[in-house]
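Only one structure is covered here, and it is reproduced in the block below.
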Amino acid sequence: MEISALQNARYAYTPKLPGCLSCPVEEITLKMGGPTEAIADQNELRTLFKHSYGKPIALCTNGKGDMTKRPLTAGVILSGGQAPGGHNVIAGLYDGLKRGNPGSTLYGFLGGPSGLLEDQAVEITGELVGQYRNTGGFDIIGSGRTKIATPEQFAAALETATKRGLDAVVIIGGDDSNTNAALLAEYFTGQGSPIQVIGCPKTIDGDLKNEYIEASFGFDTAVKTYSELIGNIERDATSAKKYWHFIKLMGRSASHIALECALQTQPNVCLISEEVEAKGLSLSQIVEEICASIVKRAEDKNNFGVVLVPEGLIEFVPEMKKLIKELNDLMAGYADELGAITNFIDQVYWLDQHLSYESLDLFKTLPPAIGRQLLADRDPHGNVQVSRIETERLLIEMVETKLAELKKINAYTGKFSALAHFFGYEGRCAFPSNFDADYCYSLGFTAFVLIASGLTGYISSVKNLVAPAEQWLPGGIPLTMMMNMEKRHGSSKPVIKKALVELAGAPFKEFAARRGNWAKQTCYQFPGAIQYYGPPEVCDQPTKTLKLEHGG
């Protein structure tokens, strides 16, 4: 197979490790802290996790090592959506196992958690992992979204792991996948099995983080990829001077991607879902905010601009959340009756008899295409497919309507022509940045240290990420420490709490202090492509979010 020059060069890149992991394995040890507590609902979680609750934080350090020297057999799973750097987690885990004992074996379960349930796996060899080092994607073993939830599935997972003689299972995934890792670790221990379970923090959305997990891997590469694209569009906008670009960005549950891209590119408008919810903003108020920028810029003959929209915005608008809930309830209670009505006008008439006055009024203000989408697209549970709503196009149509009203009263004299974009999959499998390549390799190697030290129910952690890699602090955090109880499908479930954008946090404050100027002036910044070779200040820098969170 012919490969590009860049791909060939990336194969040869040697990821940087924290200093305490660069020494011989026998000189690595773990320093254990005191007992820990969950962030909330401690009593319920203590009851659910009888065998794994309250474990201490582990910190890698140098000293007389007490890790096992025997050959280990581990299995690794990629779970959920792709994120740049996943291959390097596997490479770091593989290299750690082989450094610990050349006789160690690593299996990769195919297609995500279902590979563990169905015993579908391939041995990860040096030749195989060598084809994927420092590359994007999850194609070395594939991924999947199967959730290990039923007693039969837990039993099947244990059966496969036991049959293959595994010492440990490493689950690379987001908050839900790592919650599953915690449950699997608890189940294995409860069944008297010594098989360990270790998690690794993955998601480009950036919502798996806290004071112990400073960043989820893939976020750095994804936001730099999106920011390059946004910068390119900003340059085009300043050249053509005739389009407003509405760009929807990944991030259904949190707006970390939109915020970081705004800090990197300085668009005219960036909506933050968490702020919309906190202020209780309506769709019309959001449209007014966008129109205010358009009107101000038109006064200076700047009939162009850029608007960033988080993917999950609609679910944070209180009135839309209420409408979607009412529609979901109606679809559940009147599925056959509503399903029999195929004409949109007749569907609206039917809703007139069933929706609340407020929700009906809102529904009628939506563009017909969005209204049809709300009624037609449903998930397997019969609910509205919120993720398929083209929010960027919805806003464009509503802005056009508002501007037409302003023109009638001479409050706006500019020209408005808009283009819609959605940047999502473009960022999920890019060549990982040096930061993600190094960070992921360190996470994988740290997972090996946790396994060789006999720990289970932990997530691999690397802290102090704003410093050079040799100063990073690897260790392990008990999964139960990051959990609380939430309502899921009508019942209370243990979950790792998602990290939303903190409106009192330094990244949002920096954005809020500057966006007023961006709304009127053309302040665009053009980050350009990710750089892999050159001085560290160009190639190895973390995100602006991470630096601001650490006082930078």
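What to note about this one:
- Subset of region 99-122 (residues that are among the acidic types (Asp, Glu) and at positive phi): Asp119
- Residue list for region 34-64, restricted to those being assigned to a helix (DSSP H, G or I) and of a type in the set (Lys, Arg): Arg46
- Candidates Lys202, Lys224 - the one that is touching a helix residue (DSSP H, G or I) at 6+ places or on another chain (Cβ under 7 Å) and either crowded, with 22+ Cβ neighbours inside 10 Å or at pLDDT 95 or above (or both): Lys202
- Residue, farthest from Lys296 (Cα to Cα), within region 395-416, restricted to residues that are of a type in the set (A, V, I, L, M), out of contact with any strand residue (DSSP E or B) (no Cβ under 9 Å at 6 or more places or on another chain) and in contact (Cβ under 8 Å) with a residue 60 or more places away in the chain: Met398
- Cβ-Cβ distances below 6 Å connect the following pairs, each with a first residue in region 184-212 that is under 18 Å from Arg145 (Cβ atoms), a second residue that is buried (at least 23 other Cβ atoms within 10 Å of the Cβ) and among the aromatic types (Phe, Trp, Tyr), and a separation of six or more residues or different chains: Lys202/Phe217; Ile204/Phe219.
- Residue selected from region 374-392 under the condition part of a helix (DSSP H, G or I) and buried (at least 18 other Cβ atoms within 10 Å of the Cβ), by the criterion modelled with the lowest pLDDT: Val386
- Inter-residue pairs, beta-carbon under 6 Å, first over 15 Å from Gly85 (Cβ atoms) and in region 12-28, second in a loop (DSSP other than H, G, I, E, B), 6+ apart: Pro18/Trp472; Glu26/Gly65; Glu27/Gly65; Ile28/Gly65
- The set of residues in region 529-552 being surrounded by fewer than 15 Cβ atoms within 10 Å (Cβ to Cβ) and either touching a helix residue (DSSP H, G or I) at 6+ places or on another chain (Cβ under 6 Å) or among the hydrophobic types (A, V, I, L, M, F, W, C) (or both) consists of Ala529, Val538, Cys539.
- Among the candidates Lys509, Lys520, the residue that is surrounded by 15 or more Cβ atoms within 10 Å (Cβ to Cβ), of a type outside the set (A, V, I, L, M, F, W, C) and either over 30 Å from Asn268 (Cβ atoms) or out of contact with any Cys (no Cβ under 8 Å at 6 or more places or on another chain) (or both) is uniquely Lys520.
- Unique match (being outside any strand (DSSP E or B), in contact with a Phe, Trp or Tyr (Cβ under 7 Å, 6 or more places away or on another chain) and either closer than 17 Å to Leu78 by Cβ or touching a residue at least 12 places away in the same chain (Cβ under 8 Å) (or both)) among Cys429, Cys440: Cys440
- Given (1) in a loop (DSSP other than H, G, I, E, B); (2) crowded, with 21+ Cβ neighbours inside 10 Å; (3) small (Gly, Ala, Ser), number of the condition Ala504 does not satisfy: (2)
- Restricting region 62-115 to residues that are aromatic (Phe, Trp, Tyr) and more than 20 Å from Ser22 (Cα to Cα), the residue that is surrounded by the fewest Cβ atoms within 10 Å (Cβ to Cβ) is Tyr107.
The values are calculated or read from the model by the stated rules, or taken from the named source; none is laboratory data. Since the model is a prediction, treat every value here as computed from it, not as a measurement. Ideal geometry is used to build each Cβ from the backbone, glycine not excepted, and the neighbour counts take in all protein chains shown.
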